1. Going by the structure shown, is ARG45 open to solvent by less than 50 Å² (accessible area, probe 1.4 Å), at pLDDT 95 or above and of a type in the set (D, E, K, R)?
2. Being more than 18 Å from GLY114 (Cβ to Cβ) and touching a strand residue (DSSP E or B) at 6+ places or on another chain (Cβ under 8 Å) is the filter here, so list the residues in the stretch 70-88 that pass it.
3. Please verify whether VAL121 is buried (at least 18 other Cβ atoms within 10 Å of the Cβ), touching a helix residue (DSSP H, G or I) at 6+ places or on another chain (Cβ under 6 Å) and either farther than 19 Å from ASP59 by Cβ or β-branched (Val, Ile, Thr) (or both), treating the condition exactly as stated.
4. Tally time: how many residues in the stretch 85-104 are farther than 14 Å from ALA49 by Cα and either among the polar types (S, T, N, Q) or in a strand (DSSP E or B) (or both)?
5. Quick check: anything in the stretch 94-103 at pLDDT 95 or above, open to solvent by 40 Å² or more (accessible area, probe 1.4 Å), more than 18 Å from GLN6 (Cα to Cα) and not hydroxyl-bearing (Ser, Thr, Tyr)?
6. Given the conditions (1) touching a residue at least 40 places away in the same chain (Cβ under 8 Å); (2) open to solvent by 30 Å² or more (accessible area, probe 1.4 Å); (3) in a strand (DSSP E or B), which single one is not true for GLY35?
7. Only residues in the stretch 47-73 that are in contact (Cβ under 8 Å) with a residue 60 or more places away in the chain count as the first member; pair them with residues that are of a type in the set (Val, Ile, Thr), Cβ under 9 angstrom, at least 6 apart or cross-chain, and list the lot.
8. Restricting attention to the stretch 67-91, which residues are at negative phi and of a type in the set (Gly, Ala, Ser)?
Amino acid sequence: QVQLVQSGGGSVQAGGSLRLSCAASGRIFIRYTMGWFRQLPGKEREFVAAISPIGDITDYADSVKGRFTISRENAKITGYLQMNSLKPEDTAVYYCAAGVPRGRERTGPYNGWGQGTQVTVSS
C-alpha cells in the first residue's frame, strides 16, 4: 500500500489560486495512476481529476475542467493539483489517491489515500 502525504491548501478569495501537493512514500508510486477527490460539507467524496502513471493521460470532472490542472513529477514521487479561478463551491476537503485498476479512475478503489487538506474559498 502506498503512503501519501498532502500539503498545500488553505483559504483564498474567489478567483484566486492554490496548489496541492501529494508526496508518496515509495517509488511504486510511478507505476500508479493518481487521482484527486474532494468532499464537500454534507456530501459524499467526489472525483476531481486523475492522471496516468507517466502523465500522458488526464481526466477531469466537468465542474473543474479548464480551471484545475493535475500533474506529477515521478522523479520526486509527487503529484500536484493546481487550482485556478477558484469558486466558493470548490470549498471542500481534498484528498489525493494512488493505485487503481485501469478504467476505475473515477470510482476506485484506490490503493492508498492522503490525509486530506481543507480548501476554503470565500466570496
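The values are calculated or read from the model by the stated rules, or taken from the named source; none is laboratory data. Source: prediction; values computed, not measured. Don't worry about glycine lacking a Cβ; one is built from the backbone with ideal geometry, like all the others, and counts go over all protein chains shown. Heavy atoms of the whole protein, side chains included, go into the accessibility calculation; ligands, DNA and RNA do not. Shrake-Rupley method; radii C 1.70, N 1.55, O 1.52, S 1.80 Å.
1. Values: open to solvent by less than 50 Å² (accessible area, probe 1.4 Å): no; at pLDDT 95 or above: yes; of a type in the set (D, E, K, R): yes.
No; evaluated as a whole, the condition is false for this residue.
2. Passing the criteria: ASN84, LEU86, LYS87, PRO88.
3. yes
4. Of the residues in the stretch 85-104, 4 are farther than 14 Å from ALA49 by Cα and either among the polar types (S, T, N, Q) or in a strand (DSSP E or B) (or both).
5. Among the residues of the stretch 94-103, not one is at pLDDT 95 or above, open to solvent by 40 Å² or more (accessible area, probe 1.4 Å), more than 18 Å from GLN6 (Cα to Cα) and not hydroxyl-bearing (Ser, Thr, Tyr), which makes the answer no.
6. In the conditions (1) touching a residue at least 40 places away in the same chain (Cβ under 8 Å); (2) open to solvent by 30 Å² or more (accessible area, probe 1.4 Å); (3) in a strand (DSSP E or B), GLY35 misses (2) alone.
7. These pairs meet every condition: PHE47/THR107.
8. Result: SER71, ALA75, GLY79.
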